[in-house]
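Step one of this worksheet: look at the structure below.
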Amino acid sequence: MTFLPTVRDDLAAAARRLEARRQRRRHAARLVLVAGASILALGGVAFATGVVRWPGLDPAVRTSASSPPPTQLAAFGVLRRAQTDADRSPEAKRAVTTFSHIKADRDRFGAVRLDAVRVLLTHDGSTYVLVPRTRQAWSTANHPPQRRVEHDVLCLVVVDPRFTVGGSCATTATVERGLGAIGSGRTFAALVPDRVAAVRVDTCEGVVDVPVHDNFVAYDRLRGWRSVGRQAWLDARGREIGGFFPTPHHAARSLSARCVRRGDARR
Amino acid sequence: VRTPTDEELLTAAGPGAAAAFAAFYERWEPAILAWFVRRTGSAELAADLAAETFAEALAGRLRFRPGRGDAAGWLFGIAGHLLARSARRGAVEERGRLRLDVTPVVLDDDTVAAVEALAGDDAVARLLDALPEDQRDAVRARILDDATYEDIARRLGCSTQVVRKRVSRGLATLRTRLEDAT
């Protein structure tokens, strides 16, 4: 006889998930081992351990000395390169203070993995910073506050010239699904995994291939190009291997409608 | 067919891990509930504490080392720490359940009565009393008083290996009798 069958069933389901995650981590750890060996063979630098608190960092920022999980290290080469002085710029210090001052935010977000912070791009006065965090909790209509927790999130934060910040966080799986993007007005900026070498952007003016650097891609979607539709991922050989959400098929249809509405002719 | 030990169920890996943990849960749920309800006097509190105990056990099962003690002792150790922490905070901890997405426990009247009966019936105490004296003393000291193996060995004037064996045998007997009783 079981007194609390729902507890038993929920725990059995959790055991299944934990076991699956353990298997995935083992697989990823093997990949990281291979990647780490390659880096060392090339005389490169593996991931640093042990947080040295940055001088002048806002004391409200909670930091973690833990390394990113093997799945992230395996999927994002930018995390495998050593942190540079540029990664600790004033803009980066501003970016890591995001979600640190409001109590609700502090409750929602875990600590910043300071050693894994990377400045991805400075463009047009704005700086895009990768801020890995230990967790993010969600509160939705179907879940009581703090019920859904995602661990090991990558936050993409943009710091504008006035030093105001904005951004969003995603797990490795979410980025893999093409959802690791933020839109800051006219600019589209997103994280992509290692296998993506460029993004093919379909616009009213034509098709443009935007190269990926440091697992990051950004482009103006309103200023330079009148509109952006399909955003397909290309591998190093130029083959399509996925894309940002919405799916390329739907994006292409909506772009056609927008171009026609604006009176643009696709070249 | 040989019945798997608690240690085998707790540390099972691969596709059978979920079923193994469910079996471990079913095996020890009555004893854990009885242990909590006798200390809190509330079926609801006992249910919350038991759910959190098993959630923490699942989350931390990879830290369990079979060579350093038996799984039931380890589980009751979690229960004891959890009860102490919850008493200090004035609320039942729920970190383990939140992390594993365990649905909050809601008891109907029949379940409340059944859980309370575990305490009123004092089944665990009676089963404990029915153990051979050396096993009963060792189990009582280890599980109920949360004493270390070293302390118990000193108190009983024997080696820690002997204490471990007595606790292990006593818990195995308790488990079998408790399963028969429920």
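Taken together, the values in this text are just the output of simple stated rules run on the coordinates, not laboratory data. Given the structure is predicted, the values throughout are model-derived calculations rather than measurements. We place every Cβ from the backbone using ideal geometry, glycine too, and count neighbours over all the protein chains shown.
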State to the nearest 20 debye the size of the charge dipole of chain B about its Cα centre, where the only charges are +1 on K and R beta carbons and -1 on D and E beta carbons. 980
Translational diffusion coefficient of the stretch B:1-136 at 10 °C, 1.306 mPa s, Stokes-Einstein with Kirkwood Rh over Cα pairs, in µm²/s as a whole number. 101
Which length gain, in nm to one decimal place, applies between A:Ala236 and A:Ala82 when the Cα-Cα distance is subtracted from 0.36 nm times their residue separation? 53.1 nm
How big is the gap, in Å, between the Cα center of the stretch B:8-29 and the Cα center of the stretch A:68-120? 38
Per GNM of chain B with C-alpha springs under 10 angstrom, the most fluctuating residue out of B:Ala172, B:Ala91, B:Ala59 is B:Ala91
Please average, across the residues of B:99-106, the number of beta carbons from any other chain that are within 10 Å of each residue's own beta carbon, and give a whole number. 6
Using a Gaussian network model on chain B with a 10 Å cutoff between Cα atoms, which of B:Asp109, B:Asp70, B:Asp129 fluctuates the most? B:Asp109
Expected max-MSF residue from B:Leu156, B:Leu49, B:Leu128 in the GNM of chain B (alpha carbon, under 10 Å) is B:Leu156
Checked the stretch B:13-57 against the a/c 1.5 cut and the a/b vs b/c comparison, axes a ≥ b ≥ c from its Cα gyration tensor; verdict prolate
Tell me which DSSP H helices of chain B clear both cut-offs, 20 Å or more of axial length from alpha-carbon atoms and a mean Kyte-Doolittle hydropathy of at least -1.0. B:17-40, B:43-59, B:71-89, B:160-181
Once you place label points 7 Å from the Cα toward the Cβ at B:Thr5 and B:Ala172, how far apart are they in nm? 0.8
Taking Cα pairs under 8 Å and at least six residues apart, what relative contact order does chain B come out at, in percent? 23
Once you have the Cα-Cα distance between B:Asp134 and B:Ala13, take 0.36 nm times their residue separation minus that, and quote the gain in nm to one decimal. 40.1 nm
Once label points are set 7 Å from the Cα along Cα→Cβ at both B:Leu62 and B:Thr160, what is their separation, rounded to one decimal in nm? 2.6
For every helix of n ≥ 4 consecutive DSSP H residues, a contribution of -39,500 (n - 2.57) applies; sum these over chain B, divide by its total residues, and give [θ] at 222 nm rounded to the nearest 500 deg cm²/dmol. -22000 deg cm²/dmol
Could you point to the residue in B:Ala172, B:Gly41, B:Ala114 farthest towards the positive end of chain B's charge dipole, with +1 and -1 charges on the Cβ of Lys/Arg and Asp/Glu respectively? B:Ala172
Can you tell me the length gained on complete extension of the stretch A:Thr6 to A:Ser66, counting 0.36 nm per residue apart and subtracting the Cα distance? 18.2 nm
If you count, for every residue in A:126-135, the Cβ atoms of partner chains within 10 Å of its Cβ, what is the mean? 0
